[in-house]
Amino acid sequence: MHQMHGTGETGAVQPAIELRGIDKRFGAVHANKEIDLKVDKGTIHGIVGENGAGKSTLMSILYGFYQADAGTIHVDGKLCDIKGSEDAIAAGIGMVHQHFMLVETFSVLENVILGVEGGAVLRDGVDRAREELHRLEREYSLDIDPDAIVGDLSVGLQQRVEILKALFRGAEILILDEPTGVLTPQEADHLFRILETLKEQGKTVVLITHKLREIMAATDNVSVMRQGAMVAHRKTADTSPEELSELMVGRKVLLRLEKEQAQPKDTVLKVENLCVENAQGVRKVKNASFDIRAGEIVGIAGVSGNGQSELLEALGGIRAASEGVVELNGQDVTPGKGVDAAELRRRGVAHVPEDRHRMAMVTAFSAKEAAILGYEDDPAYQKGVFLDWHAISDATAKMMSEFDVRPDNPDLKAANFSGGNQQKLVLAREIMRDPELLLVGQPTRGVDIGAIEFIHKRIVAMRDAGKAVLLVSVELDEIMSLADRILVMCDGAIIGEVAASDANERVLGLMMAGVDPSEAKAVEGQS
Amino acid sequence: MENFELVILLLDATLRTSTPLILAALAGMFSERSGTINLALEGMMLGGAFSAAAVAFYMDDPWIGLLAAIATTIGLSLLHGFACITHKGNQVVSGMAINILMSGLTALVGIALFAQGGKTPALDKAARFQPITLPGAEAVKDVPIIGPIYFELLSGHNILVYIAFLAVPAAWWVMYRTRFGLRLRAVGENPGAVDTAGIGVVAMRYRAVICSGVLVGMSGAYLSTAQGASFLQDMTAGKGYIALAAMVFGKWRPFPALAACLLFGFLDAAATRLQGVVLPVIGEVPVQLVQALPYVLTVILLAGFIGRAIPPKALGRPYVKER
Amino acid sequence: MSTTVQLPRWIDVGALPLLNLLLALVVSGLVVLAIGENPAEVVEILLYGAFGYEEAWGYTLYYTTNFIFTGLAFAVAFHCGLFNIGAEGQAYVGGLGVTLAALYLDFLPFPIMLVVGMLAAMIFGAAWAYIPAYLQARRGSHIVITTIMFNFIASSLMVYLLVNVLRPEGSMTPESEQIAENLRLPFIHDIAGALGIEMASSPLNLSFVYAILASVMVWLFIWHTRWGYAIRTVGANAVAATYAGIEPGRFIIIAMMISGALASFMALNEIMGVQHRLLIDFTAGYGFVGIAVALMGRNHPFGIFLAALLFGMLYQGGAELSFEIPTISNDMVVVIQGLVILFTGAMEHMFRPRVTKMYTAWRLRRDAQEAV
Amino acid sequence: AEIKPAVVYDLGGRFDRSFNQGAYNGAEKYKEDTGTEYRDFEIQNDSQREQAMRNFARRGMNPIVAIGFSQASALEKVAKEFPDTKFTIVDMVVDLPNVQSVVFKEHEGSFLVGVLAAMASETHKVGFVGGMDIPLIRKFACGYVQGVKYADPSAEVFQNMTGTTGAAWNDPVKGGELAKSQFDRGADVVYHAAGGTGVGVLQAAADAGKLGIGVDSNQNALHPGSVLTSMLKRVDVAVYEAFAAAAGDNWQPGLTILGLAEGGVDWALDENNEKLITAEMKDAVAKAKEAITSGSLEVHDYMSDSACPQ
Ligand SMILES: Nc1ncnc2c1ncn2[C@@H]1O[C@H](COP(=O)(O)OP(=O)(O)OP(=O)(O)O)[C@@H](O)[C@H]1O
Ligand SMILES: Nc1ncnc2c1ncn2[C@@H]1O[C@H](COP(=O)(O)OP(=O)(O)OP(=O)(O)O)[C@@H](O)[C@H]1O
Ligand SMILES: [Mg+2]
Ligand SMILES: [Mg+2]
């Protein structure tokens, strides 16, 4: 990625998009609060904000997917009444959604022409589309086979189809919602080159991302959202990652955690040559070998999508190993070979998955029902053949008070807790079991600052009590401040290990991008 | 030679028995490819059969009866759509409700109109679809091989039989070669993609169930004004479900569905003729086994033992944007 | 809707279904008007037929018994996220179990037979549910379609057996032999009689008590046992179930087999209780009505009881209706049934968004006032 | 005496243009003749039989006439519960002190139409379509075959049954298909004993320009010129007689058998089919009738030994 040129005289040019007073509620959730936003023509404009800040909602309103409760949208200075995506497309807006909007059983070509078929009978339109597609492919180096079935394509290629869709419709303004979350570093680089080309052609790009590095490298301007409100606009050149993250979370980002030197003891978990495949049979973890000892926190760093999730799920007993051996305190617990999640729990493995909302929570349950998920067999919760709801209620109340879950009502439906509070409940459930081994993914994603500190302290306390912890996080800050040893994963393989004391963001970053550890350190040494 | 004749006659009967299945299976396909489960085929067929017979009786014209049948089934489709598309109700429940409702309503209205225990009066010739003799059929009647095939098998069916068989390539063409078909298939796979492409999901799905209504209306009219000569209570006798099975068996595609309908129709025709026949080895053919065969085959297919039937991805799921 | 304020239970499970039911009845009234009869009179006859005399109560509760069983059957599967449309076939095959037990184990004494008959029904019903359950759990076949197919397969199978195997020599009807006197479930009026209470005779029999017990057991099972918990987890979030070590496939099979067993209890009422022989189509669509009963009762045994009572009333009152008003055949009840299923089942969301909105607005206003 | 009679029809209902309709006609005729109102009920499924009868009995309806053999087991039960109510059952024997059973010698009537069918046939092939496959219907078939062979020993008879359940009485589409299959095989006269299903058989005959033979009621008028004749089974008489006997206080429990001699079965000749029946046919059938009533010709009853002489 090369450095951006400044935009020059902002304000002199007509903004490509102007949003005024956009307001949107989903039931009781106030997703967008009177938002104003100006995006200059021919620029790349970043939007950052924590999970749930309302970024996707705002852009979906601009694209006509949702309707705002209040506010106006101006495109090229003209008031634009966007009632549906049709109007947005007509106004020259294209969007690549966070969750792709593709028909997987269709070919690339069919996906691209959907909605702009050029006639009631497909044939003529298809031929014209094929030519146009070729032109676009060449112009933006978006190589893709127009007749490939989209479901067979990699995520990166699917994203290209989305971009092609927008360009085919003649988009002058392109919105990309977290496009790099699912990409390999190479694919991400390619994407940014494409965006650069678009900009050179005078098109406007709105880029939503969590990665401040990308903002700093690729955008001209940046806007920050927090809890549904737009809190700041900056020229990228005039801001810093520190300032942005402070704006995002609403206070200074936490500094390094104070903690003692680790006192590792016996090996608790031993992983040898572990291979794991995803549902489509693609090998996502490749020959991973490592071990974790009692009294240490091992962190796994990596760009999301590089196999960490599958590794964590396999160790939690949810996904079978296709090869390799896993031992817990010397006993074989290789997932899929007669050992499942329930068995692992009985043996003292607690698991906080990355996607808690989807995997660790049953939102239709009451809080106390959710609080025994995975532990419903615990004798403490039984009274004869029945569940002892009094005991469960008491236990839940205890979890709630200890982890400051609000409101502290065990009978409230889980769905009625905010995202952060749901997560605290899950953490409480798993950590308060006092397990031998804690597997934890993204422990602080979406929780507020106060809670982050609290959770970090609890994890360190577990370590100090002689437990083993495996931490997966894409936040390098978090990994570096919590872990005692850091393993870096790239493309399914563990490509290296760094002691926390030696780690810094650049080395880890290079390794995460697949650069060999020794080389990474050499590069680092030169700078 | 005699066997040849028998086979021709059996196939001839197969065409007659599979016609309502073909029309209904195509109807199911249009609805389900757009993401709306249509268990209501049975009830709609019944409603269509009733309207066709009743109106044909009053007007003495099968074509007006057919129109009435189609109007009725479109109405029912819209009701189904209103429950499942507009109000995001459960599609299975809505289908079952329509089936039960029509089973009662046709009889009730029939009694109110004709006081014959839910039947409609027998239709005379003018009020029914009559067999059509294809050009030259009489001429080749006595030519060996060609005669039986052309005269017995291909000629001499009523117009709805020919419409049903022509509807299959037509449906294929619409599904795979037109803008409407592309959008329809897309909305059954990923309504989000259709929505973001600037196409209304709800309108698209309504159009699909209306197509479904048109086809199933013809199927019902065939039962009461072409194959039969009056409506009687529950005369569909599970044909709607067989058509549904054929559609699944045909993996939600027109030509394979046609093949499934012909197979099921053939089984039905054969069961009629195999009755009481003692075959070597097997002994007397249990008619019930032959009758159950379509269902058994469909289950085996669904279990993935012969190929795989993958339904449209969004099938059965209402399109919910804002949770 | 999840992001809005939660509706209080009395609206969610009380007012909304009632509103839908009311609409169904209004439309039914219009149908009655359309065929030239007086809806008020129809309602009167319906109510009189269902509750107006002692015997009517017996009939109403006899139908209710069937609906409780099939409603519970649907509900248990539904809690596991499964749409079991196969209660009809499961009950039919369950009836085969009862009949075989009664015909071949007739040497067993009465009280033992009560249990054996029940077990036989359960085993057969559960076994019939097992196949679609297995196909869903292990091979991903859609349970809605497979259970529909299995209804038809059951129907063919039973016709074959009744015509070719179970029909006694020389009999013209495809029915099994009568089951022995001492194997029948006692009628409630007989039990009452034995206790010295005079009661009009009706088909209401001991299986009604089974139905009440089954409701309590289902309630305990679903909300107070680990298995019930596991089943609900699978139904609400299969991914979370896997995470928790609850294997969805296993509980899909368990839930479906329990569902099939519950459906098969209908055979106790019909065969051991009333018909005393296996006959063609004795299930008479009760299995399908069970879907409506469960949905109306919000899949809770108490709600199911109330909904079953409603349908029992419709059935019995409807029979009276077709006796009293010749132009209204039994089909009127079928129409009402269809409308009730349509409005309370398929269109259950019709009023919900509006009611939710109104309630949310009211709540927000109230909260705002309280905050002041 | 004042009576409150009631009729419970079998599946197929009072307008099946056949068996049940015969009963309806009998009841209607009685009402016309005497002004006595009656109640009737069409059952929709097997479970309703008992309830219908019990309902009538409880309301004091008396006598109650049950149409069809399927009613037997339900009637047996209800009759025991209401020993003071008079029950009449048509087509089946129920041995109880308050039950009168009326059965017909359908084989005799079928014999006559068999004679006519054989004489009307030009292809020497005739057909039979039965409803539900039960001994009673085989009895029809067997009598018919005997009649055909009597008139034309070389003739071939195709036989089909519609089904094995009650639904077989009410499936005209299937009936039509069966008739077509028999025409395809060369038959040109088809006799049905299939209740409502037979409507489809006669329709198919009319459509194909062949001849059908009706059953139970006089069905000649359904397709004038295409229905050769109808085998009359005087269910109407049975119902009428039951009502009349109860009113005249001479109703007797026990078995009544109605054959040719008693006028319980016959063949139909009216303006709709007079052109189809030649004088020769009339003579032949009259001769056969005479022989049967006099006892010189015995038509084998299938139900006596569950077999039909070939
Ligand atoms: N369709 C919807 N229905 C109801 N609530 C929604 C819907 N979409 C989003 N929300 C809610 O609106 C709020 C903002 O969500 P949004 O998806 O815009 O956040 P985001 O900033 O894009 O977060 P992320 O970084 O996780 O993508 C959240 O509380 C979310 O739960
Ligand atoms: N899916 C949901 N269903 C019902 N109510 C919800 C849902 N999500 C959020 N809410 C309600 O909306 C409120 C705000 O939720 P949201 O997740 O946006 O909170 P938040 O500001 O992100 O808090 P946190 O920082 O704890 O995640 C919650 O208190 C909750 O009552
Ligand atoms: Mg987002
Ligand atoms: Mg949040």
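The values are calculated or read from the model by the stated rules, or taken from the named source; none is laboratory data. Quantities reported herein were computed from a predicted structural model and do not represent experimental measurements. Cβ placement follows ideal geometry from the backbone for every residue including glycine, while neighbour counts extend to all protein chains displayed. The area values use the complete protein model at the heavy-atom level, side chains included, leaving out ligands, DNA and RNA. Shrake-Rupley method; radii C 1.70, N 1.55, O 1.52, S 1.80 Å.
Spin-label pair B:LEU78-A:ASP291: with each label point 7 Å from Cα along the Cα-Cβ axis, the two points sit 7.4 nm from one another.
Per residue of peptide B:175-181, the mean number of Cβ atoms on other chains within 10 Å of the residue Cβ is 4. For region C:55-290, carbon and sulfur atoms together expose 68% of the accessible surface, with a 1.4 angstrom probe and every protein chain in place. Modelled this way, with points 7 Å down the Cα-to-C-beta line, the labels at A:ASP516 and B:ILE64 are 8.9 nm from one another. Counts of other chain beta carbons within 10 angstrom of each beta carbon in peptide A:317-323 average 1. For D:LYS77, the lysines whose Cα falls under 16 Å of its own Cα, not counting residues fewer than eight places away in the same chain, are D:LYS86. Taking all Cα pairs closer than 8 Å and separated by 6 or more residues, the relative contact order of region A:50-123 comes to 22 percent.
Across peptide D:178-184, how many C-beta atoms of other chains are within 10 Å of each residue C-beta, on average?
4
What FRET efficiency, computed as 1/(1 + (r/R0)^6) with R0 = 60 Å and r the Cβ-Cβ distance, is obtained for A:PHE386 and D:SER296, rounded to the nearest 0.05? About 0.10, to the nearest 0.05.
Using the 1.4 Å probe convention, the accessible area of the protein assembly as shown works out to 37 Å² per residue with neighbouring protein chains retained. The mean sequence distance of close C-alpha pairs (under 8 Å, at least 6 residues apart), as a share of the length of region C:202-272, puts its relative contact order at 28 percent. As a ratio to 2.2 N^0.38 Å, the alpha-carbon radius of gyration computed for chain A takes the value 1.03. Take the accessible area of B alone and of D alone, subtract that of the pair with a 1.4 Å probe, and the total buried over both chains is about 2000 Å².
Which part of region A:286-314 falls in the paramagnetic zone of A:VAL155, meaning amide N under 14 Å from the point 7 Å along Cα-to-beta-carbon? Answer for this model: A:302-311.
Length gained on full extension, A:GLU402 to A:ASP477: 24.4 nm, using 0.36 nm per residue less the C-alpha separation. Fully extending the segment from B:LEU113 to B:ALA203 would add 28.8 nm, taking 0.36 nm per residue of separation and subtracting the current Cα-Cα distance. Be a star and scan region A:160-176 for residues whose amide nitrogen sits under 20 Å from the point 7 Å along the Cα-to-Cβ vector of A:GLN14. In region A:160-176, the label zone of A:GLN14 (backbone N under 20 Å from the point 7 Å along Cα→Cβ) covers A:170-175. Here each label is just a point 7 Å from Cα along the line to Cβ, and for C:LEU22 and C:VAL165 those points are 5.2 nm apart. Using C-alpha pairs under 8 Å with a sequence gap of at least 6, the mean separation divided by the residue count of chain B gives a relative contact order of 34 percent. Volume of the convex hull of region C:55-290 (Cα atoms only), normalised per residue: 126 Å³.
For region A:360-443, the share of accessible area belonging to carbon and sulfur comes to 49 percent (1.4 Å probe, ligands and nucleic acids excluded).
Interface between chains D and C: roughly 2400 Å² of accessible area buried, both sides summed (probe 1.4 Å, protein heavy atoms only). Sorted into 5 angstrom bins from 0, the C-alpha pair distances of region A:360-443 split as 3, 16, 28, 26, 18, 8, 2, 0 percent. Computed with a 1.4 Å probe on the full set of protein chains, the accessible area for D:GLU290 sits at about 110 Å².
Using the Cβ-Cβ distance between B:VAL7 and B:ALA126 with R0 set to 41 Å, the FRET efficiency from 1/(1 + (r/R0)^6) comes to roughly 0.75. Chains A and C together bury roughly 2400 Å² of accessible area, counting both sides, with a 1.4 Å probe on protein heavy atoms only.
Once the Cβ-Cβ distance of B:ALA71 and C:ALA34 is raised to the sixth power relative to R0 = 22 Å, the FRET efficiency obtained is 0.80. All distinct Cα pairs of the protein assembly as shown go into the 1/r average, and the inverse of that average, the Kirkwood radius, is 36.4 Å.
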